[in-house]
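Nothing in this text is a laboratory measurement; each read-out follows from the coordinates by a stated rule. Predicted model only: the values in this text are computed from it and were never measured. FYI the Cβ positions are ideal-geometry reconstructions off the backbone, even for glycines, and counts take in every protein chain you see.
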Amino acid sequence: MVKSVGLLVMTRLPDYREKVAILHRRGVLNENLRLQSWAGGFQVTATGKVEEGEKEKQCLYREIGEEIGKALYPQNGKLVELFRNEERVIYGIYQDKVWVKNSRLSLASGGLVPVTKEVLPRIKNLLDFSKETGVKDRDVIAMFPDEITALKRAFKKIVRSRL
């Protein structure tokens, strides 16, 4: 049974010549005002645990609301499955820049960061960092391996006809 669900948003922004993925930097504090694990690491745009009795897509939409404060605009793109194993599924979607502009981040957020496919070779494995101290260097992009896989697939699979 899937235990967690994530979403990776792709978009176009004015200062970039190509589509970008919107990553979510992990903040210092979590929602319970405790220290966040792997602070400074990156994750897909929204992610969270499936609650008892909840279906995958219900979890996905709940987490988007909690972490980003937004609803998806399905008319701007369809959900594409980027990664799945027995514990986790990560979807991707194209959303226009207005969606990003109007996002409202949760306390646990360290901010939304656009990345291009050129950064893919430089992404580090977040598991190589301490869970307690996280990623201190703000120039380092470190993600969990399943999210790195999803990010790479997103640049290949998520297209927008007007891009």
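General observations
- Within the chain, percent of DSSP bridges classed antiparallel, to nearest 5: 70
- Computed over neighbours whose Cβ is under 14 Å from that of ARG34, the net charge equals 0, Lys and Arg +1, Asp and Glu -1.
- When VAL9, VAL50 are sorted by how many other C-beta atoms sit within 10 angstrom of their C-beta, beginning with the fewest, the order is VAL50, VAL9.
- Rg to Rh, two decimals, where the chain supplies the alpha carbon set and Rh follows Kirkwood: 0.93
- In terms of surrounding Cβ atoms within a 10 Å radius of their Cβ, GLU67, GLU31, GLU86 rank from fewest to most as GLU86, GLU31, GLU67.
- Exposed loop sites here are trypsin sites (Lys or Arg not before Pro) assigned a DSSP state other than H, G, I, E or B and surrounded by at most 13 other beta carbons within 10 Å; excluding them, the longest clear run of the chain is 105-130.
- FRET efficiency, 1/(1 + (r/R0)^6) with R0 35 Å, evaluated for LYS78 and LEU127 via beta carbons: 0.65
- Average Cα contact separation per residue, the chain, under 8 Å, 6 or more apart, as relative contact order %: 33
- Stretching the chain fully between VAL113 and LYS157 yields a gain of 13.8 nm (0.36 nm per residue, less the alpha carbon separation).
- Restricting the range 91-161 to GluC sites (Glu not before Pro) in coil, as DSSP defines it, with at most 11 other Cβ within 10 Å: GLU132
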